[in-house]
Every structure is written in structure tokens, then in C-alpha cells.
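**Student:** So that we are looking at the same thing, I have put the structure below in C-alpha cells.
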Amino acid sequence: MRKSFLLLIMIAFSICANAQKAKKMALTPPMGWNSWNTFGTDINEQLVMQTADAFVELGLKDAGYEYIVLDDGWMAKERDENNNLVPDPKKFPGGIKSIVDYVHSKGLKFGLYECAGNQTCAGYPGSRGFEYQDAKLYAEWGIDFLKYDWCNTENINAKGAYQTMRDALYAAGRPIVFSICEWGDNEPWKWGEEMGHLWRVTGDITNCWDCEVGHGNWSSRGIWPIINLRKDLRKYAGPGHWNDLDMMEVGNGMTDSEDRVHLAMWSLLTSPLILGNDLRTMSGETLKTIENKNVIAVNQDVLGIQAYCHLKSPDLEIWVKPLANEEWAVAFVNMSKEELQLSYDWWKHPINDQLTHKQLEKKYKSYSMYDLYASKNIGLTNKNLESKIKGHDVLLLKLSPQK
Ligand code: GLA
């Protein structure tokens, strides 16, 4: 009796310790790669290993990308006789642990997909009723990130379902970033911080600038429909808890300039930067975009403040994000397909963030402007900013006060 009481106390302590550790994870938006956008369920161990190699060889690891996440389709159709999840033996003949070890040996982290329902969206076994058993298996395999989806959940309570898996992960004893993939249906921004580290805010992304494709009871959306639908959620984001605008489509079919806008906007909006393209075959221009360290630094800024739209007209949107050290990131996005001649007076509509009460300070004589994609200084804010921006492209600047 006394022994089991002691054991209970020890378990309770360990769960509390893991909960504390979880609070210190994902203090900047997670960065990595996910298999779904390009490969769907057509995944296997070579793909994982080649992607891990590409992370290192192409400099993506140095640029900050860290997690390699296997999405839906990694499992066999049935659990085993002990109800454990089984990796598909054809796709993963060596099992999951061996590819996790490979990814870890490259200094990277590994993520896996599951679902809160009875089945995943692609029809593989879901975690419902097996949460503690599955979490224990993930910990044994050395998983660092769990994306937890929302298909086939009937009418279960979303907050409760994510809480159950969160507690199962705590009990399993391994620090795991918990990615809530509930598509925004139950306003996860209102409870997600308590349950996990990031939460999807929409249904699935698709690789276009502004299209919306209906699929009966849900729609997939291009980058601007996602941004416009969820731009008002900025107060919910911050270190350790992020609005997830979905895996990126950079390199998957939009133009290079649209891809630059995509990365810039995901960075400004502090979304996790999860690549969704084939890293083994991408163009040099795509690589140049995704590993632009200046742009990534905007996403990874320690304050973790999500950007807002400062000014908007049919052809031009200006988005601003307060950064540490009184710096700012400012994006001028050309929304039209024609080249735009920009002439902008910084002090006509002074930047003044209602949420954080930060503003462009008049007390500084001016701010220097650094063009983050071109990697060059382009002058000071005491004069009008004059620039040409190509159609569907962005001028992304960092402003630093001249003290
Ligand atoms: C849902 C998710 C996607 C992907 C698929 C897998 O649609 O939103 O990101 O994980 O399921 O089936």
C-alpha cells in the first residue's frame, strides 16, 4: 500500500516536471519539413533519410530548420495483437526507431503524425482510446514532435481530446512539441496555449496566391485567403504558443516572387516555418528563398509578436511586426500583377501598434532601412522611400533606430 502510494507520488512529480519542461519548448516558431503537401501518403524511409541529408548538405539545418515530420500514411492499416501502432512494413521495413535515430544522428529532430479520432484522415488507425499507449510508444521511439489531427472525431470535445493527448505525452516522460491540427473549427487559439505549442487555424493550404477550393464541408485555401481569414488572431500568439498557418507551399508551383511573399508573410505572422516541398529536387531560387537567414530572423525574433496590417489598398498592403531592440520588420506587398512604383512617407501614417503600444518613435532622428531579401542598406526613413516592386512581390525591410 505504502509502496504504491510512493509510486503514485513519483509519477505525479514526473508529470509535473514534464509539464514544466513543455512550457519551455517552441519559444520561437518551430521550423522544419513535413511530407504531406508534396508526398501525401506516398512516403518511405529513403525519403526521410534523403530529406535529412538535404537539411545538412543544403544548409537548411544551419538556417534553423530542425524538425522532419512524417505526416499521414506511415502506419499499417491495423494495430498489432497488443494494440500497438505498427509502421507500414513496406514503406518502413526498418521501423520508425531506426529512421528517428538516423535523423537524430544528423543533429535534427523527428516528428510524427496521428489523429484524435478513430481513424486518421487517410484511414489509418487513430489514437482515440489508445492515447497513453501511443504516447509511450512515441517516447520509446524518440519522437520530438507530434502533429495531432482531427478527422473521424464524431462529436468529441476538442479541448478535452487534446488535453488527453497532452497529458499522455507528459506521462510518457519525453519532451515533445505538440502540434494541434484541428483546423480552427473549435477556436483552438482560445485554449491551445494550455494544451500544446501550435495550432492550425484553417483547413488545408493549397499552392496558390488567392484561390479557394471547396471540398464539400471544407475548403483548401491559398496563402492570401488563409491570411485574410485569420489575421485577427495575433493576440493569441507568443513564445511557446503559435497560430499555425499550415505547412508552406514554397517551391510547389507559385512563382518565385509569390514564394518570397509567402515566406515573408509566414515569417511576419510568426507561423511555424514548415517546408512542404521536395528538398531533393527544388530549384536554386527556391533554396535561396527558404534559407534566407534575414527573413527567417524576422520569424524567429525573441519577442514573438505577430504582425498586423498597417495600411491596405487594392494594389498594396503594408504589414508591420515589432522586433526586439526597438527594430521593426515592414513588408510592402505588391498585390497586383503589374510592377508598382512605391513612394512612401514614413511619417504620414505613423506606425503605431495598438496591441503592444509600440510605435515608430519620433525621438529617433530616423531609422535605417535594410532590405532583407536583397541584403543591403537602402537609406533612412527621414526621406520618402522610393522603390519599384515587381508584381506579386515584396519589399521586406528591417528598420533599426538611429540612436
Ligand atoms: C488533414 C490535415 C493535413 C494532413 C492530412 C493527412 O487534412 O489538415 O495537414 O495532415 O489531414 O491526412
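**Student:** Strictly over 26 Å apart at the Cα level, which of Lys106/Lys231; Lys358/Lys398; Lys24/Lys376; Lys147/Lys190; Lys147/Lys231; Lys109/Lys376 would you flag in this model?
**Tutor:** Lys106/Lys231; Lys24/Lys376; Lys109/Lys376
**Student:** Rounded to the nearest 20 Debye, what is the dipole magnitude of the chain about its Cα centre when Lys and Arg each give +1 and Asp and Glu each give -1 at the C-beta?
**Tutor:** Once rounded to the nearest 20, the dipole reads 1520 debye.
**Student:** Same structure again: First measure r as the distance between the Cβ atoms of Asp232 and Ala324, then evaluate 1/(1 + (r/R0)^6) with R0 = 35 Å and state the FRET efficiency to the nearest 0.05.
**Tutor:** It comes to 0.90.
**Student:** Here's another thing I want to ask about it. How much length is gained on full extension from Ser98 to Gln359, taking 0.36 nm per residue of separation minus their Cα-Cα distance?
**Tutor:** This chain segment gains 88.9 nm when fully extended.
**Student:** What does the convex hull of the Cα atoms of segment 154-209 come to per residue, in Å³, rounded to a whole number?
**Tutor:** 106 Å³
**Student:** Stretched out fully, how many nm does the piece from Asn84 to Ser219 gain, at 0.36 nm a residue minus the Cα gap?
**Tutor:** Full extension from Asn84 to Ser219 adds 45.3 nm.
**Student:** Just check segment 1-97 against the gyration tensor rule for me: Cα atoms, a ≥ b ≥ c as the square roots of the eigenvalues, rounded for a/c under 1.5, and otherwise prolate or oblate depending on whether a/b exceeds b/c.
**Tutor:** oblate
**Student:** Additional query: What net charge is computed for the residues neighbouring Ala76, neighbours being all others with C-beta under 15 Å from the C-beta of Ala76, Lys and Arg scored +1, Asp and Glu -1?
**Tutor:** With Lys, Arg at +1 and Asp, Glu at -1, the net is -4.
**Student:** Here's something else I'd like to know. Taking 45 Å as R0, compute the FRET efficiency from the Cβ-Cβ separation of Glu154 and Asn382 and round it to 0.05.
**Tutor:** 0.15
**Student:** Something else now. Just to confirm a number: summing +1 for Lys and Arg and -1 for Asp and Glu over residues other than Lys61 whose beta-carbon lies under 14 angstrom from that of Lys61, what do you get?
**Tutor:** Spelling it out: positives minus negatives among the neighbours equals -2.
**Student:** Subtracting the Cα-Cα distance from 0.36 nm times the residue separation, let me have the gained length for Lys390 to Lys3 in nm, one decimal.
**Tutor:** Taking 0.36 nm per residue and subtracting the Cα distance, the gain is 132.2 nm.
**Student:** For segment 308-401, just say rounded, prolate or oblate: build the C-alpha gyration tensor, square-root its eigenvalues into a ≥ b ≥ c, call rounded for a/c under 1.5, and beyond that prolate if a/b exceeds b/c, oblate if not.
**Tutor:** Note, shape of segment 308-401 comes out prolate.
**Student:** Also, I was wondering about something else. What distance in nm separates the two pseudo spin-label positions at Ser375 and Asp256, each 7 Å out from Cα along the beta-carbon direction?
**Tutor:** Once both label points are built, they end up 1.5 nm from each other.
**Student:** Excluding Pro188 itself, calculate the net charge of residues whose Cβ lies under 12 Å from the Cβ of Pro188, where each Lys or Arg counts +1 and each Asp or Glu counts -1.
**Tutor:** Result for the neighbourhood of Pro188: -2.
**Student:** What is the spin-label model distance, in nm, from Lys337 to Lys21 if the labels are put 7 Å beyond Cα along the C-beta direction?
**Tutor:** Modelled inter-label distance: 5.3 nm.
**Student:** Return, in residue-number order, each cysteine of the chain whose C-beta is not under 4.7 Å from any other cysteine's C-beta.
**Tutor:** Result for the chain is Cys16, Cys115, Cys181, Cys309, no neighbouring Cys Cβ within the cutoff.
**Student:** Using a ≥ b ≥ c from the Cα gyration tensor of segment 17-299 (square roots of the eigenvalues), is it rounded, prolate or oblate, where a/c under 1.5 gives rounded and otherwise the larger of a/b and b/c decides, a/b for prolate?
**Tutor:** Since a/c stays below 1.5, the shape of segment 17-299 is classed as rounded.
**Student:** Convert each backbone phi in segment 99-107 into a coupling constant with the Karplus relation 6.51 cos²θ - 1.76 cosθ + 1.60 (shift: θ = phi - 60°), then list the ³J(HN,Hα) values in order as whole Hz, x for Gly and Pro.
**Tutor:** With the stated coefficients, segment 99-107 comes to 6, 4, 4, 4, 4, 4, 5, 8, x Hz.
Any read-out appearing in this document is the output of simple, stated calculations on the displayed coordinates, not a laboratory observation. These numbers come from a predicted model, not from an experiment. Heads up, the Cβs are rebuilt from the backbone with ideal geometry, glycines too, and the neighbour counts pull from every protein chain shown.
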